[in-house]
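Bear in mind these aren't lab numbers, they're just calculated from the coordinates by the rules spelled out. Note that the structure is predicted; figures quoted are calculated from it, not measured. Because the Cβ atoms are built from the backbone with ideal geometry, glycine has one as well, and the counts that use them run over all protein chains shown.
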Amino acid sequence: MGADRPFGGRVSGARLAMILGDWRRGGSRRGASDLAAAIELHVSDGQLPPGTRLPAERALADALGVSRTLVGSALERLREQGLIASRQGAGSWVTAAGGRGATLAPAARLDLIDFARASPPAVSGFMAAVDAARPMLTPELLEHGYSVRGLPVLRERIAARYTARGLPTTPAQVLVTNGAHHAFALALRALVAPGDRVLVEQPCYPNTPEAIRAAHALAVPVAVDAYAGWDLDGIEAALRQAAPRLAYLVPDFQNPTGLRMSEADRQRLGAVLSRVRTPAVVDETHAELDLEGDPVDGPAPLAAFAGDWAITVGSAAKSFWGGLRLGWIRASEELLDRLVSARWSLDLGSPVLEQLVLAELLADPDPALRARRQEVRGMRDTLAAAVREHCPEWTFQLPSGGLGLWCRLPEPMSTRLSVAAANHGVQLAPGSRFGVHGGLERWLRLPYTQPAARLREAVRRLSLAAASAAGVADGVSSTVDATVT
């Protein structure tokens, strides 16, 4: 994109203030550089993509509670870096032109360790499944190729997996989707109207509140304590008082905390959902990543207790490979009919070859899933040991599953640590990304989805970045701002 004209959406002052979170790190004397660095971070992180029109200086100053002079100075720094462009009468917008911000892109920084994504590589045996699926593609080539509900063989095997986990399921209760997030978007489209409320956990998967906002609905957060777990009394009160149209819950290795809900709590929550008649999207993306046991022997799915009020969604992304881009919904046949009707306006079904590959992986999933769990368990233990060695002031509860450590930092520094970490070759998602309305500056998610040596190197770099960020906060370093990328 050239810098001569803006295009794309506009972000309001209030929205940008929420995205930036606790952006100050150097006191009033460094306000402009702090603000510029925070905006730069969120451009590199994809929160402010190229073409995004920024709010007017006065509107942003009002939203942040700072002077217009400070905002103007910060924007001038970003213009000098080539990160934004401005034109009288058109305002300012994010541009893809050069600048220090461009050095944060993974393609331009070959040594960059990506700690923003929690996604492992493909499971062993994946190519064998591809080879086995190819002959089954031949008869499909004689058909039209559109399967809005999903191929029967895949739906049968997804249903069989649910039945093995204690939730009797028929293929007619399964709808194949393009990932778990696509499944949630379908539920929002079918069940939620503009202005409706949707109950979500806090902290939560970052794309969840974004999807709710895209549906013009309102997210109602309920706290999940990183150590104590779900506040079921609080959830029940929120369900009664806020009267949400839909709830979104992650009871199996919640992202980002890694917590798992007990079967007793699932039973209680299922009864509450049934009593208040609130449907809940239950995201089981991490359900197969039980690092201390077999998922078949674990707690029964929440739908076993909530009945038709649970809309269970799953995904192949974490258990097999994100590149498959396949997920599914398990719900009542009546609700699936509504979801299919909503789907026609979005897409016409999922790719056939990928469905055949996933069906092969699910024909006998236990060997591949056992290997996946063993691999991830080793990466988890490596990362935990590295954090204890290099960042002993950081605390966490070792999760029994999932793909990340949810670390409590010694001070509110998540955003400025993310800025400093980029300068040390580590890309982070600051804690504010996991908050419905920002915040969470004392928290940081560290995914364990890379080889052991790379995990150890990433934490070593983070320890240096943390010292640098703490030094800036204390007014010790006067050079960090000049080298932030």
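When E143, E441, E389 are sorted by how many other C-beta atoms sit within 10 angstrom of their C-beta, beginning with the fewest, the order is E143, E389, E441.
Scalar couplings 3J(HN,Hα) for region 388-404, obtained by applying the Karplus form with A = 6.51, B = -1.76, C = 1.60 to θ = phi - 60°, are 4, 7, 8, 10, x, 7, 7, 10, 7, 9, 4, x, 8, x, x, 10, x Hz; x denotes Gly and Pro.
Using R0 = 25 Å, the C-beta based FRET efficiency linking E80 and L464 works out to 0.40.
Averaged over residues, the count of other Cβ atoms within 10 Å places the peptides 223-235, 127-139 in the sequence 223-235, 127-139, highest first.
Between I113 and V426, Q427, the built amide H atoms are under 5 Å apart, and every one of these is 5 or more places off in sequence or on another chain. Okay, which of region 412-433 sit inside 18 Å, backbone N to the point 7 Å along the Cα-Cβ direction of S119? Once the point is set 7 Å along Cα→Cβ of S119, 427-430 turn out to lie under 18 Å by backbone N, inside region 412-433.
Summarising the label geometry, the points placed 7 Å from Cα in the beta-carbon direction at T69 and R10 lie 2.8 nm from one another. When all alpha carbon pairs of the chain are counted in 10 Å bins from zero, the resulting P(r) reads 4, 19, 27, 26, 17, 6, 0 %.
Compared with the dominant Cα axis of the chain, that is its longest principal axis, helix 414-423 is turned about 80°. Length gained on full extension, R456 to W344: 35.7 nm, using 0.36 nm per residue less the C-alpha separation.
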